[in-house]
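Comments concern the structure below.
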2 protein chains.
Amino acid sequence: MNPFVYENPTKLRFGINSVASLSQEIIRYGKAVLLLYGSGSAKTNGSYDQVKEQLEQAGCRIIEHGGVSGNPLLSHTQQGVDLVRQHSLECVVAVGGGSVIDEAKAIAAGALYSGDLWDFYAKTATVTKALPIISILTLPATASEMNGFSVLTHDKTHEKNAIGAAPILNPKVSFCDPSFTMTLSKEQTAFAAADIISHLTEGYFTTSAEILNPQDALIEGAVRSVIETMALLQKNPQNLEARSSLMWTATLAWNGILQAGIPHAQLPCHALEMPLSGIYNIAHGAGLAIITPHWMRAMSDVHGSRIKRFGENVFGVSDSVELVINALKETYKKFGAPLSMKEVGVDEIDRERLIQDGVNSFTNRRISGYDERIIRKIYESI
Amino acid sequence: MNPFVYENPTKLRFGINSVASLSQEIIRYGKAVLLLYGSGSAKTNGSYDQVKEQLEQAGCRIIEHGGVSGNPLLSHTQQGVDLVRQHSLECVVAVGGGSVIDEAKAIAAGALYSGDLWDFYAKTATVTKALPIISILTLPATASEMNGFSVLTHDKTHEKNAIGAAPILNPKVSFCDPSFTMTLSKEQTAFAAADIISHLTEGYFTTSAEILNPQDALIEGAVRSVIETMALLQKNPQNLEARSSLMWTATLAWNGILQAGIPHAQLPCHALEMPLSGIYNIAHGAGLAIITPHWMRAMSDVHGSRIKRFGENVFGVSDSVELVINALKETYKKFGAPLSMKEVGVDEIDRERLIQDGVNSFTNRRISGYDERIIRKIYESI
C-alpha cells in the first residue's frame, strides 16, 4: 500500500425525507444562500420544492441560479460567482446531480478568489478556501456529494478539466433521498452505473499487478452489487430498494475510501473521456461506457493481469482480456449504456481534435505513460 | 436500506513514518497534552519515542499516563481525568491499540463532565462534548482510531460497557504506521483478525434475510481479504504489505462505512463477549473467536440464510449452517485464535454470573430478541 491521508468531513443524511433536517443544518453555515439547480428535473422530482420550503423555514435569504448544464460551463459558474458577490451570499446550496454539485464547488471557491476562476482548472492556482457547500443529491453517479472533486468545461476552448481540493470543497452536509431518483430515465440510470463502475475500476485496473491490495475484493464486490442492482432496475425502475442501493454505492465508489493507498492508481479512461463530453457535450457516463473497452484493449499488455482478475471475480471469465471486454460490453448493453459515438448521436468524429485535447487531458491530470501514439490508437479505434 | 446519518471527520494519516507530521497537527488542538499509553509495547515498537519527539518539537507540555490495561478500567481512566484537570490539559494523545484509544475517549469526555464518568457507560448520561483526541495506532483491530466508540470496564462490578458518540469522540487525527505492528505476537494478530471479522459480520448476519444490501458483497470481500492477509502473515509475520493491509482493513471494518443503512443490524456476539473479557480479563478478540460459533449455532433458525450466504461467498460452503461454522472455526484455528475458554487459561467458568452479566449486556446495548433462555443456552454451550 501507498501512504495516504484520508479526510472526509462531509455529513451524509441518507434516506427518504432526509431533507426535512435541512433547515436545522443550514443555519450553521449561513442564512444568505445561493440556490443552484439544473434545467428542470429538480422541479419535477420534488427536491426543489422541499429544499425551498426548508430554506424559507430557516429564514434564509435565497438567490436562485438555475440552468446548470450537464457539463457545467465556466460562464454559468462565473454568473454564480457574480451573484454571490453582488448579494453577499454566505453559502451555496446545490440541488441536482454531479454537475450541479461540481458547479457549486467552483462557485464556492471562485467567490473567495480574486483571480480568474479558470486558474484552478488550468492548475495555475490552488483552492485554499471556499464558501460552505450543501448538496441535495438527485442523480447518484459522481459522488461529488462526498468528495472534493469538481469538473468544469471552458465555454470557448471546450476543455473539460477536473480539480480535487478535499476537504475544502467537500460539501458540509449532503442529503441523499433515493425517492428523488425514481424519476430518472433508463438512460440517465445507465450512464450513472457506467460512471460508478469506472470510478470503482480505474485505480483497480491501473495499479501494480503484484501488490496485495485490501480493497480489491471490496471493489469487485461493489461492481457486482451495481450489476445486481441494475438488473433489478431493468425489471422495475420504481424499485426503491434498488434505487437506494445504487445511490449509496455511487457515494461509496468515489468518496475515496475504496481508493485510499492503492499504488500507481490512475484515471486514464476519465482522461480519455473528458474530450468526448467536452467537445460533443455527451453525458460523462455515456462517454466512459464508450471509451473504456477501447482503453482495455489498447492497454492489455500493461494491465492484462488486473483486467483478467476483474473478469474472473466479477464475470467468472478470465481466459483472455478480450473475453473480459466482451463481458463488460454486454453488461453496459444490458444497462442501456452506449458502446459507440453513433449511439449518442455523433456521426462525425474529429479525431485530430480529440487526440490534441486528449494529450492535454493527460497532461492536465498528470497521468504518465501515455504518449500521443497510444492516445491516437485509442481514439482511432472508437 | 434504512435511513442513516454518516459523519466521520477523523483525518487519517496512513503509512510508514506518518507520525512525522504529528508536530504540525497537534498545534491545532492544544499544546498541553495528556500522553496515554499501555503497558510497554509503545516503548518497544518505537511509537512512544517518535510521538514524544514530535510533541517536544511542537513545544508541548506533556503529562504522561501509562499503564492502560487490555480491558481499560474506570479507575485508571478516572486518574487520567484527574491529571487533565490538575494540569489544565487541552488534548489527549493516545499511543496504542483500541484499549488506549477507548480510554483516551473516556478521559476526553470525562474531563468536561461534572458527574460520575461511569454515567456515560451506564447510559444515564450522554456525551455532549469532549477534549480533542489524537491517536497513534499500534494494534489494528477495533477501528477506535476512526470511530466514536469507547468500551470501559468497571473495576468493581466487572461490567464492560460500550458507548458511541460520533463525531464528538472521533479522534481529530489518527496516525496509522503499519511498521509499529511488525512486533505484534501471533496471538495478538489472531485476536485482532477475529475482532475485525466480527465487526464485518455481526450486522451482516443479523440483518433481514431478504433485503438488498449494497454492502453485502463488500463485507464478504473484506473478510476474504482478512483471511488472505492472515495466510501471508502465518508464513511471514514481518510481511509489511500484509501488515499494512490488515491495518487498513481493521479501520474499514468498523469506521461505519460498511454498516451504514443496514436494517436491523445488531451486535449480539459483542454483547455476549463483553462479560467474558469483563470477568475473565481475556482479550476481546479471543472472546469473540470463542463465542461466535456458539452464537451461530444457537441462532441458526433466525439467521441461517444469512450465515449460509456468507459461507457460500467466503468459504465456498453453504449446504448447512454447521458447515459454515466449521469453516469459520478452521479459519480461526489457522489464525491461532482460541475456540474455547480453556485455551485462554480459564478452566472454571461461572456460567450463572456470565448469564446474569450477559442479560445486562444485551439490555445495556438495547439489543432485542434475546431472553435469558437463549443467552443461557449459548453460555452453557461454551
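The values are calculated or read from the model by the stated rules, or taken from the named source; none is laboratory data. Quantities reported herein were computed from a predicted structural model and do not represent experimental measurements. Reconstructed Cβ throughout: ideal geometry from the backbone, glycine too, with neighbour counts over all protein chains shown. Just the protein is used for accessible areas: all its heavy atoms, side chains included, with ligands, DNA and RNA removed. Shrake-Rupley method; radii C 1.70, N 1.55, O 1.52, S 1.80 Å.
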Filtering region B:207-229 down to residues that are of a type in the set (S, T, N, Q) and open to solvent by 10 Å² or more (accessible area, probe 1.4 Å) yields B:208, B:213
query: Regarding residue A:333, is this residue in contact with a Leu (Cβ under 7 Å, 6 or more places away or on another chain), away from every other protein chain (no Cβ under 14 Å), open to solvent by 20 Å² or more (accessible area, probe 1.4 Å) and in a helix (DSSP H, G or I)?
result: yes
By residue number, the members of region B:97-138 that are crowded, with 16+ Cβ neighbours inside 10 Å, part of a loop (DSSP other than H, G, I, E, B) and in contact with a Gly (Cβ under 9 Å, 6 or more places away or on another chain) are B:111, B:117, B:125, B:127, B:130, B:131, B:132
Result of the Cβ filter at 8 Å on region A:186-211, keeping first residues that are under 21 Å from residue A:308 (Cβ atoms) and partners that are open to solvent by less than 40 Å² (accessible area, probe 1.4 Å) and of a type in the set (Lys, Arg), at least 6 apart or interchain, is A:204/A:306; A:205/A:306; A:206/A:306; A:207/A:306; A:209/A:306
task: Assess whether residue A:142 counts as being under 13 Å from the mean Cα position of the chain (by Cα), part of a loop (DSSP other than H, G, I, E, B), under 28 Å from residue A:23 (Cβ atoms) and of a type outside the set (Lys, Arg).
output: yes
*asked:* For the structure I just gave you, tell me whether residue A:379 is modelled with pLDDT of 95 or more, of a type outside the set (A, V, I, L, M, F, W, C), open to solvent by less than 50 Å² (accessible area, probe 1.4 Å) and closer than 21 Å to residue A:310 by Cβ.
replied: no
Considering only strands (runs of 3 or more DSSP E) wholly within region B:147-256, the ones with at least 3 residues that are within 11 Å of another protein chain (Cβ to nearest Cβ) are B:173-176
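To keep it simple, each residue is scored yes or no on (1) assigned to a loop (DSSP other than H, G, I, E, B); (2) over 26 Å from residue B:2 (Cβ atoms).
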| site | (1), (2) |
| --- | --- |
| B:262 | yes, no |
| B:270 | no, no |
| B:276 | no, yes |
| B:288 | no, no |
| B:301 | no, no |
| B:327 | no, yes |
| B:338 | yes, yes |
| request: Within region B:365-372, identify whether any single residue is among the small types (Gly, Ala, Ser), more than 23 Å from residue B:191 (Cβ to Cβ) and either open to solvent by less than 40 Å² (accessible area, probe 1.4 Å) or assigned to a helix (DSSP H, G or I) (or both), and answer yes or no. | output: no
- Message: Whether any residue in region A:243-253 is over 30 Å from residue A:77 (Cβ atoms) and either under 18 Å from the mean Cα position of the chain (by Cα) or surrounded by fewer than 24 Cβ atoms within 10 Å (Cβ to Cβ) (or both) is what I want to check.
- Response: yes
With respect to residue B:82, determine if the residue is farther than 26 Å from residue B:167 by Cα and without any contact (Cβ under 8 Å) to a residue 12 or more places away in the chain. no
Practice task
Answer yes or no: is there a residue in region A:78-100 that is in contact with an Asp or Glu (Cβ under 6 Å, 6 or more places away or on another chain) and at pLDDT 95 or above.
Solution key: no
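Test of understanding: among B:321, B:317, B:344, which residue is in contact (Cβ under 8 Å) with a residue 24 or more places away in the chain and either more than 22 Å from the chain's Cα centre (by Cα) or open to solvent by less than 10 Å² (accessible area, probe 1.4 Å) (or both)? Write out each step before concluding.
Numbers: B:317 fails: in contact (Cβ under 8 Å) with a residue 24 or more places away in the chain; B:344 fails: either more than 22 Å from the chain's Cα centre (by Cα) or open to solvent by less than 10 Å² (accessible area, probe 1.4 Å) (or both).
Every option except B:321 fails the conditions.
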Scanning region B:8-32 for residues that are charged (D, E, K, R) and farther than 24 Å from residue B:245 by Cα, the one most open to solvent (accessible area, probe 1.4 Å) turns out to be B:28
Taking region A:72-90 and keeping only residues that are surrounded by fewer than 23 Cβ atoms within 10 Å (Cβ to Cβ) and not aliphatic (A, V, I, L, M), one is left with A:75, A:76, A:78, A:79, A:82, A:85, A:86, A:87, A:88, A:90
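Which helices (runs of 4 or more DSSP H) does region B:1-74 wholly contain that include 1 or more residues that are more than 11 Å from chain A (Cβ to nearest Cβ), at pLDDT below 95 and under 19 Å from the mean Cα position of the chain (by Cα)?
Per the criteria, B:41-44.
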